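Participant: Input: one structure, supplied below.
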Amino acid sequence: MFSRSASLLALVVVFSGLAFGQGGKDLGKAVKRVNDASKVFREIMNAQDNAIPKQLLQDAKAIIVFPGALKAALGVGGQGGKGVAIRRMGNGWSAPAFVDMGGGSFGAQIGAEKTDYVLLIMNDKGLDGLMQDKFEVGAEASVTAGPVGRTAAASTNATLDAGILSYSRSKGLFAGAALKGVVISPATDINQAVYQKNARQILNEPVPASAAPASLQRFGETISGYVK
């Protein structure tokens, strides 16, 4: 017959196992997001004549990648995606925080397609918006389609004034995107499971990349491969 202390120990082991199982599941989701986002960013930047200008990456305060966001339309459309965000800190980048995207649109298109999005947060106003629980792109900070290519005119007034530069890739075509009205919000469960912090804490403190599990450091390493 079990003693009382043995019974309590057994309960602790059971509940710890349940918690670890949930944490492991969320970490698996986080790793998939990081791997997908890293792959998208690498493919975009390797298209040298049609990539994001490195000077813009150099000036960006934060970068968000939404790989394979789903756009669907039947008169009234919507879109949603699961992404990864990092913030510049010193000469490197923060640990990745996990964010979701959602929003509606109006149009006559019928059907659905997957689109990759890259957002560059260019100034403090854009960064402040990203720290909110819900951040509507184009409302809290101005957004404009970002230029692409080696010889892109990155010094236009629209680019200089924008809080966010947005890009999209669909069916192999990559270009600046007029992405307005979508809402970015933190993926609370994953952030809490991985860091025991919310997205605002991860990006605002910020949490250094070295504090993230090794399997999640790939995103920052991928970004650093193209810009310091």
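Participant: Within the stretch 124-137, how many residues turn out to be in contact with a strand residue (DSSP E or B) (Cβ under 8 Å, 6 or more places away or on another chain) and in a loop (DSSP other than H, G, I, E, B)?
Facilitator: The number of residues fulfilling the criteria is 2.
Participant: Quick check on this structure: which one of 84, 76 is modelled with pLDDT of 90 or more, more than 15 Å from residue 169 (Cβ to Cβ), assigned to a strand (DSSP E or B) and among the aliphatic types (A, V, I, L, M)? It would help to see each step written out before you state the result.
Facilitator: Numbers: 76 fails: modelled with pLDDT of 90 or more.
That would be 84, the only listed residue that is modelled with pLDDT of 90 or more, more than 15 Å from residue 169 (Cβ to Cβ), assigned to a strand (DSSP E or B) and among the aliphatic types (A, V, I, L, M).
Participant: Determine whether the stretch 218-228 contains at least one residue that is at pLDDT below 90 and not aromatic (Phe, Trp, Tyr).
Facilitator: yes
Participant: Checking residue 180 against (1) on the phi < 0 side of the Ramachandran plot; (2) touching a residue at least 60 places away in the same chain (Cβ under 8 Å): exactly one of these is not met. Which one?
Facilitator: Just one mismatch for residue 180, condition (2).
Participant: Considering only residues that are modelled with pLDDT under 65 and assigned to a helix (DSSP H, G or I), look in the stretch 149-175 and name the one that is surrounded by the most Cβ atoms within 10 Å (Cβ to Cβ).
Facilitator: Checked the stretch 149-175; the qualifying residue surrounded by the most Cβ atoms within 10 Å (Cβ to Cβ) is 159.
The values are calculated or read from the model by the stated rules, or taken from the named source; none is laboratory data. Computed from a predicted model, the values in this text were never measured in an experiment. All Cβ positions, glycine included, derive from the backbone under ideal geometry; neighbour counts span all protein chains shown.
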